[in-house]
Amino acid sequence: MNPRATWKAALPVRIAGLGSHLPSRVVTNDDLAQVLDTNDEWIRSRTGIRQRHYAAPEQATSDLAVEAGKAALADAGLGIEDITSIVVATTTPDHTVPGTAPLVAAKLGTEITAFDVNAACSGFLYALRVGTGLVATGDEAVLVIGAETLTRIIDPEDRNVAILFGDGAGAVVLVPDDAAAIGPFDLGADGSDPSMLWTESGGTRHPVDAAVLEARTQFMTMRGGDVYRNAVARMSASSQAVLDRAGLTIDDVDLFIGHQANIRILDAVGKRLGIPGDKVHITVDQHGNTSAASVPLALTDARDAGRLTTGDTVLLTAFGAGFTWGSTLLTWQPGSPGRAADHAAETAVDADEAVGTVEQDLAGGGETA
Ligand SMILES: CC(C)(COP(=O)(O)OP(=O)(O)OC[C@H]1O[C@@H](n2cnc3c(N)ncnc32)[C@H](O)[C@@H]1OP(=O)(O)O)[C@@H](O)C(=O)NCCC(=O)NCCS
């Protein structure tokens, strides 16, 4: 493990709001068996997945992200004017250029800092680290969203991959809180063989052309067994690393929320860590693998199911293409946004004045240098 890829301290940051969005179309295993050589028993026994959600044709990742973001803002009791940065974790952006976060920001009605993080299925853990760092270094409230429209990059004719993935989005609002803690983090990446899980074409190495379309390499492919083994090893080791760094044991963890790729992977990680099954939250049966959206979707689902109590220690872990992996601990402290709202009220006038000046410049009314 690269010791530079770690963050040793927990930071005084709290999740003030949680939100999620799942497209309304539900696709069951039986639905897939109508169009693929597969069946419900094979899918359930190999993956634990029973159904997944598919975005409507007119929906893209930013649309799902906006809905999850609005839900998280409402949950926090904040408006978009209280947010100072937006981070969107996605590996299925609306467009190659620009990023998805600026589109999300525009739809939410703001011109604040907005950028993407792409760490595939570990994307939310990476974005959470970035968002936590932003709050710890002065941001007043950061909206971190994991959002994916994976069904756009899976080959509907490839039964190895098509059964696994779904669409969705989850979001958190992060605020400073001296009584709260997120961290330490353990994040890492091994890009030595990206072909184990990748979309080979469509980027700058292999732009889409007729040969690509013929070979169907614009779609995601994977070596399932290699991915499985790496996922179990990396999520187990990374989870243990944050526990060790925090001076905790697995017995101190109240709820374990792992990337929802496959129930067998989660079971294997749980066994390695020695965590009882009733402390492992499962949503993969309902959502399939939603990549960067899976951890915030599962966190929201756990809260809605009454599985999070104030003061609980929650262990989050994820693994994805790259390979990438990441884990962190958080102390569950829901409640009012506190300092963020106070600060927003203090600074609202200044912000309005600044926006007014820029708008004047853009309209041609301002001074030019
Ligand atoms: C993909 C995965 C479920 C396959 O499970 P598995 O137990 O390794 O599968 P097996 O090796 O027992 O079976 C493979 C066989 O099933 C077949 N098969 C593959 N997909 C199938 C499907 N949807 N329905 C029926 N049969 C299928 C294969 O063609 C293969 O047949 P063969 O033996 O005749 O060649 C498993 O490897 C896995 O979960 N990998 C990790 C995937 C993942 O989570 N990726 C994202 C990580 S972020």
Exercise for the section: With respect to residue 171, determine if the residue is among the hydrophobic types (A, V, I, L, M, F, W, C) and over 22 Å from residue 14 (Cβ atoms). Expected result: no
Completion exercise
A careful count of residues in segment 138-174 that are more than 16 Å from the ligand (Cβ to nearest atom) and either of a type in the set (Lys, Arg) or not in a strand (DSSP E or B) (or both) gives 5
Problem - Residue that is nearest to the ligand (Cβ to nearest atom), among those in segment 278-307 that are small (Gly, Ala, Ser), part of a helix (DSSP H, G or I) and more than 21 Å from residue 43 (Cβ to Cβ) - result: 292
Handout entry: Selected residue (only one of 167, 155, 116, 139 is at pLDDT 95 or above, among the charged types (D, E, K, R), under 30 Å from residue 27 (Cα atoms) and over 13 Å from the mean Cα position of the chain (by Cα))
Key = 155
Handout entry: All positions within segment 135-149 that are in contact with a helix residue (DSSP H, G or I) (Cβ under 6 Å, 6 or more places away or on another chain) and over 24 Å from residue 260 (Cβ atoms)
Key = 140, 141
Practice task
Name every residue in segment 183-201 that is without any contact (Cβ under 8 Å) to a residue 12 or more places away in the chain and either in contact with a helix residue (DSSP H, G or I) (Cβ under 6 Å, 6 or more places away or on another chain) or among the polar types (S, T, N, Q) (or both), in order of residue number.
Solution key: 192
Handout entry: Some residue of segment 224-237 being surrounded by fewer than 18 Cβ atoms within 10 Å (Cβ to Cβ) and of a type in the set (Asp, Glu)
Key = yes
Practice task
Please enumerate the residues belonging to segment 228-238 that are touching a helix residue (DSSP H, G or I) at 6+ places or on another chain (Cβ under 6 Å) and either at pLDDT below 95 or among the hydrophobic types (A, V, I, L, M, F, W, C) (or both).
Solution key: 231, 232, 235
Handout entry: Considering residues of segment 26-56 that are outside any helix (DSSP H, G or I) and among the hydrophobic types (A, V, I, L, M, F, W, C) only, the residue farthest from the ligand (Cβ to nearest atom)
Key = 56
Problem - Top-ranked residue in segment 221-268 [being near the ligand (Cβ under 9 Å from one of its atoms), of a type in the set (A, V, I, L, M, F, W, C) and not in a helix (DSSP H, G or I); ranked as nearest to the chain's Cα centre (by Cα)] - result: 261
Problem - Boolean, residue 250 is over 22 Å from residue 146 (Cβ atoms) and buried (at least 19 other Cβ atoms within 10 Å of the Cβ) - result: no
Handout entry: Flag for residue 168 being in contact (Cβ under 8 Å) with a residue 12 or more places away in the chain, in contact with a helix residue (DSSP H, G or I) (Cβ under 6 Å, 6 or more places away or on another chain) and closer than 16 Å to residue 72 by Cβ
Key = yes
Problem - Residue satisfying condition, being acidic (Asp, Glu), touching a Pro at 6+ places or on another chain (Cβ under 8 Å) and more than 16 Å from the ligand (Cβ to nearest atom), within set 177, 209 - result: 177
Exercise for the section: Answer yes or no: is there a residue in segment 88-100 that is closer than 26 Å to residue 190 by Cα, within 16 Å of the ligand (Cβ to nearest atom), assigned to a strand (DSSP E or B) and at pLDDT 95 or above. Expected result: yes
Exercise for the section: Answer yes or no as to whether residue 180 is surrounded by 17 or more Cβ atoms within 10 Å (Cβ to Cβ), part of a loop (DSSP other than H, G, I, E, B) and touching a residue at least 60 places away in the same chain (Cβ under 8 Å). Expected result: yes
Problem - Hey, residue 273 more than 16 Å from the ligand (Cβ to nearest atom) and in contact (Cβ under 8 Å) with a residue 60 or more places away in the chain or not - result: no
Problem - Failed item in (1) loosely packed, with under 14 Cβ neighbours inside 10 Å; (2) more than 16 Å from the ligand (Cβ to nearest atom); (3) in contact (Cβ under 8 Å) with a residue 12 or more places away in the chain; (4) closer than 26 Å to residue 150 by Cα, with residue 59 passing the rest - result: (1)
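The values are calculated or read from the model by the stated rules, or taken from the named source; none is laboratory data. From a predicted model like this one, the values you see are computed outputs, not experimental measurements. A quick note on method: Cβ atoms are made from the backbone with ideal geometry, for glycine too, and the neighbour counts reach across all protein chains shown.
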